[in-house]
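Each value in this text was obtained by applying a stated rule to the coordinates, not by laboratory testing. It should be emphasised that the depicted structure is a prediction, and the values quoted were computed from it without experimental measurement. Don't worry about glycine lacking a Cβ; one is built from the backbone with ideal geometry, like all the others, and counts go over all protein chains shown.
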Amino acid sequence: MTDQEIQDSSETQLIRRMVGSLIPASRNHGIPAADDPLILKRVLQAVSRFQAPLTAELRALAGAHGSPEALLALDAADFGEVVARAVEERIGALGILLTAVLQAYYTDPRVLRSLGKSPDPPFPHGNDIAQGDWTLLDPVRSRPPLYRDG
C-alpha cells in the first residue's frame, strides 16, 4: 500500500481519524498517536484481509451521520464519543480494527522505549523472569485426582 493510497480513500481518512482518537499522542511520554504514518500503515496492512466487512461497518457508521464528510467534520470530543460507542456496539469488524491498532501501536519502537522496554527481540539477550511462589500450588497438589483411572 503506497502513501498515496493511504491519503486517497474516504474510508482510510475515517480510519486515520478513528485510530488517532483511540490512542492520542502524548507529549509527556514522547509517543505518537496511533494515526502516526508508520503505525497507520501497519494498521492498514493488518486489516487489509478484512477490507469488505470493515468497509461495510465504516459506511454504516458514516451513513448514520449523513456522510463520511459529515462524520469527519465532527469536533474531536464528539468524534471520540461516536468512535467509542461504535466500538462497543459494532464489535465485529471494528473489533478487528481495534485489535490491529493495539498490535501495531504497542510494537512500535518509540512506544516500547517509552514503556521502558527494548524494541529488540528478547533473544539472544533473553528476559529475566522473576520466580513465583510455588507454594501457591500446594492446595492443588494435595487434592485427590479429578479423573478415573482405568
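In the range 5-150, how does Rg compare with the Kirkwood Rh, expressed as the Rg/Rh ratio over alpha carbon atoms?
On the way: Rg = 21.4 Å, Rh = 18.2 Å.
That ratio is 1.18, to two decimals.
Under 1.5 on a/c is rounded, so check that first for the range 105-150, then, if it is not, pick prolate when a/b is larger than b/c and oblate when it is not; a ≥ b ≥ c are the square roots of the alpha carbon gyration tensor eigenvalues. Spell out each step's value before the answer.
Details: a/c = 3.55, a/b = 2.97, b/c = 1.19.
Prolate shape, in that a/c is at least 1.5 and a/b is the bigger ratio.
When ranked by the protection proxy of mean other Cβ atoms within 10 Å per residue, highest first, what sequence do the peptides 131-144, 110-123, 19-32, 77-90 form? Each step should come with its number before you reach the end.
Values: 131-144: 7.6, 110-123: 11.9, 19-32: 15.9, 77-90: 14.1.
Output ranking for 131-144, 110-123, 19-32, 77-90: 19-32, 77-90, 110-123, 131-144.
Pairs of Cα atoms under 8 Å, at least six residues apart: use those to get the relative contact order of the chain, whole percent.
Numbers: 104 pairs, mean separation 35.9, N = 150.
It comes to 24 percent, rounded to a whole number.
Quick query: amide H of I31 versus all other amide H atoms, modeled in the peptide plane; which residues come in under 5 Å with a sequence gap of 5 or more or a different chain?
Sorted by chain and number, the residues that satisfy this are S26.
What angle, in degrees between 0 and 90 and rounded to the nearest 10, separates the Cα long axis of helix 10-22 from the longest principal axis of the Cα atoms of the chain?
Around 50 degrees separate the two axes.
Taking the chain as the reference, fit the longest principal axis to its C-alpha atoms, fit the long axis of helix 76-89 to the helix C-alpha atoms, and give the angle between the two in degrees, 0 to 90, nearest 10.
The two axes meet at around 50 degrees.
By how many degrees, 0 to 90 and rounded to 10, does the Cα axis of helix 37-47 deviate from the longest principal axis of the chain?
Helix 37-47 and the main axis of the chain meet at about 80 degrees.
So if I place +1 on the C-beta of Lys and Arg and -1 on the C-beta of Asp and Glu, and nothing else carries charge, what would the dipole magnitude of the chain be about its Cα centre? I want it in debye, nearest 20.
Using Cβ point charges on Lys, Arg, Asp and Glu, the chain gives about 380 debye.
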